[in-house]
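Notes follow the structure.
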Amino acid sequence: MKALFPNSAWVPALEKFIIARGRLKSVRLKVRYGVILHPEHGPVLIDTGYTSHALIGSRRSAALRLYSRILGPVLNPVGQPTAVLAALGCKPEDVKTIIVTHFHADHVSGLRDFPNARFVVDGDAWAHVSSASAVANLRHGVFDELLPDDFKDRMVPLGSCPDTAMGRDVFGDGSLITVALPGHAVGHFGVWINTAPRPVFYAVDAQWLRKAAVEHRTVGYPARLIMDDFGAYKRSSDLVAQQIAQGKDVVFCHDPEDGPFDYQGPPE
Ligand SMILES: [Zn+2]
């Protein structure tokens, strides 16, 4: 089984807003998502990153336009999910499973491109976003217009997947095990991916920067205003830092540094 992490877009951010004692300097965050080539289940995505649906589409709501204008993401055409899948010889229709770690716009904006996919989601996360007001969702960067109209019918709650000591076993074969990483968003979780020769842990948004986890430099305000639970966020970050200290391979969604699991583009 192979796992890669393409970068869908770059988002500028002031370092002092994403790491404690950071500089007044802009960094270019990446917006990764996971692509797993599963021997039985075919191409599986973990989130989709940013796509044109969030950033360009003419049918976007005023709120979504404003949101993308403020954040200013720049799409990476080569790292778009449909482009990456095409380079791997797959069509969007081939994707039968997308694991949705949480509902922030930079994680779900490509879901509409996969007509045959079922969406593995945390039941609490879904209950929360589907019952929250538009204003509450806006504050957390959630826009239900990015979800396919039949999202609810195609949803697979994590609670229906086999339970293990670590978390839920998505396919019941040990290939993908979820791990709760609460705090960043309701129901936010990471995924252990059992690639050979050693597994990799996708820690998603447990921190923006790897350095912030390793050096215990979780930033306070204003970032904590968008967190679901700041105390839980810090504990999740420490959990991931422990994995890194134990020598495990860990990938974050937004860390700007290149990593060994990053997708390098189509073969020349
Ligand atoms: Zn997020």
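With a 1.4 Å probe and every protein chain left in place, work out the accessible area per residue of the chain in Å², rounded to a whole number. Don't jump to the answer; show the numbers that get you there.
Working: 12180 Å² over 268 residues.
Ligands and nucleic acids excluded, the result is 45 Å² per residue.
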Compute the separation of the alpha-carbon centres of the range 233-268 and the range 26-97 and state it in Å as a whole number. 18 Å
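Taking the Cα centre of the range 1-107 as origin, work out the dipole magnitude from +1 charges on Lys and Arg Cβ and -1 charges on Asp and Glu Cβ, in debye rounded to 20.
Details: 14 positive and 6 negative charges, 125 e Å.
For this selection, approximately 600 debye.
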From the phi of every residue in the range 142-148, what ³J(HN,Hα) in whole Hz does the Karplus formula 6.51 cos²θ - 1.76 cosθ + 1.60 yield, where θ is phi - 60° and glycine or proline is x? 10, 10, 5, 5, 7, 8, x
With all protein chains present and a 1.4 Å probe, how do 56, 98 order by accessible area, largest first? 56, 98
Mind running the shape call on the range 163-260? Use the C-alpha gyration tensor, a ≥ b ≥ c as the square roots of the eigenvalues: rounded below 1.5 for a/c, prolate if a/b tops b/c, oblate otherwise. oblate
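Quick one: dipole size for the chain, taken about the Cα centre, charges +1 on Lys/Arg Cβ and -1 on Asp/Glu Cβ, in debye to the nearest 20. Don't skip to the end; give the middle numbers.
Working: 28 positive and 28 negative charges, 198 e Å.
Roughly 960 debye for the chain.
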Counting only protein chains, not ligands or nucleic acids, how are 67, 221 ordered by accessible area (probe 1.4 Å), most first? 221, 67
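For a Förster distance of 51 Å, can you work out the FRET efficiency between the beta-carbons of residue 93 and residue 216, rounded to the nearest 0.05? Provide the component values of the computation, followed by the final result.
Numbers: r = 44 Å, r/R0 = 0.87.
With R0 = 51 Å, the Cβ-Cβ based efficiency is 0.70.
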Per-residue HN-Hα couplings for the range 152-166 [Karplus 6.51, -1.76, 1.60; θ = phi - 60°; Hz; x = Gly/Pro]: 4, 6, 9, 7, 10, x, 3, x, 8, 8, x, 7, 9, 4, 8
For residue 38, other-chain or 5+-apart residues with amide H closer than 5 Å (H placed, Pro excluded) are 44
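Can you give me the Kirkwood hydrodynamic radius for the range 27-159, using every pair of distinct Cα atoms, in Å to one decimal?
On the way: mean 1/r = 0.0658 Å⁻¹.
The answer is 15.2 Å.
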Can you tell me the alpha carbon radius of gyration of the chain divided by the globular rule-of-thumb value 2.2 N^0.38 Å? 0.93
Spin-label pair residue 152/residue 196, simplified geometry with 7 Å Cα→Cβ offset, distance in nm: 4.4 nm
Beyond 19 Å between alpha-carbons counts as too far, so tell me which of 2/91; 2/30; 211/234 fall in that bin. 2/30
Considering only protein heavy atoms and a 1.4 Å probe, what is the carbon-and-sulfur percentage of the accessible area of the range 1-91? 60 percent
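State, as an integer percentage, the relative contact order of the chain based on alpha-carbon contacts under 8 Å between residues 6 or more apart. Can you show the working numbers first?
Details: 564 pairs, mean separation 54.8, N = 268.
So the answer I get is 20 percent.
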Go through 216, 128, 38 and list them by solvent-accessible area, largest first, probe radius 1.4 Å. 216, 128, 38
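The values are calculated or read from the model by the stated rules, or taken from the named source; none is laboratory data. This one's a predicted model, so the numbers in the text were calculated from it and none came from an experiment. A quick note on method: Cβ atoms are made from the backbone with ideal geometry, for glycine too, and the neighbour counts reach across all protein chains shown. The accessibility values were calculated without ligands, DNA or RNA, using every heavy atom of the protein model including side chains. Shrake-Rupley method; radii C 1.70, N 1.55, O 1.52, S 1.80 Å.
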